Amino acid sequence: MAAEVLPIGEIRERIGKELGISDWVAIDQRRINQFADCTNDHQWIHVDEEAAAKGPFGKTIAHGYLTVSLLPHFSAGIGVIPEGTMMAINYGMNKLRFVNPVKVGSRVRDRITLSNVEEKGGGRFLITTTHTVEIEGEDKPACVAETLSMFFTK
């Protein structure tokens, strides 16, 4: 699947519609430990398998921000790009909620919906997408994030 390059009018027609669903990504202890090393967040619930086995979730869990850090990967082939885009940048988030912990050994994927398109002038468009990161076999998602991307067009 690849992101679609479209006129801005056609992109606006997709507001409120699902853009796609990513492939599954496995969350193993190696990935969790690497994230802990990158962020210096070595809280026991993430990295101490023995202590976590006795904790509230029965095993280690991924950092919430590890889940969020996967959003660019999930989005890589899904979405819409305004015609004439020269570059795009992450602009921030309006909302982020961690709904359900991601236990080690789980698989997650992202369901992406186009939420808003706003013209900012000077060829810039702010596109808002809602990401619902699902955990395989779970009723509640891992997180819901409303992200902002700024597209710079010719």
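The numbers here are math on the coordinates, done by the rules we state, and not lab data. All figures in this text were calculated on a predicted structure; none of them were measured in a lab. Cβ: placed from backbone, ideal geometry, glycine included. Neighbour counts: every protein chain shown.
Mind ordering 11-22, 108-119 by average Cβ neighbours within 10 Å, highest first?
For the peptides 11-22, 108-119, the packing ranking is 108-119, 11-22.
What are the extents of the Cα atoms of the stretch 78-154 along their three principal axes, in Å, largest first?
Taking the Cα atoms of the stretch 78-154, the three principal extents are 45, 20, 17 Å.
How large is the charge dipole for the chain, taken about the Cα centre, if only the Cβ atoms of Lys, Arg (+1) and Asp, Glu (-1) carry charge, to the nearest 20 debye?
Computed charge dipole of the chain: roughly 200 debye.
Could you work out how far the C-alpha centroid of the stretch 1-71 sits from that of the stretch 107-124, in angstrom?
Centre-to-centre distance over Cα atoms comes out at 18 Å.
Using Cα pairs closer than 8 Å and at least 6 residues apart in sequence, work out the relative contact order for the chain, in percent.
Relative contact order, the chain: 30 percent.
Find out how many positive minus negative residues lie around E49, taking Lys and Arg as positive, Asp and Glu as negative, among other residues whose Cβ is under 15 Å from that of E49.
Surrounding charge for E49 is +2.
Between I78, I89, I27, which gets the highest mean-square fluctuation from a Gaussian network model of the chain, Cα cutoff 10 Å?
I89
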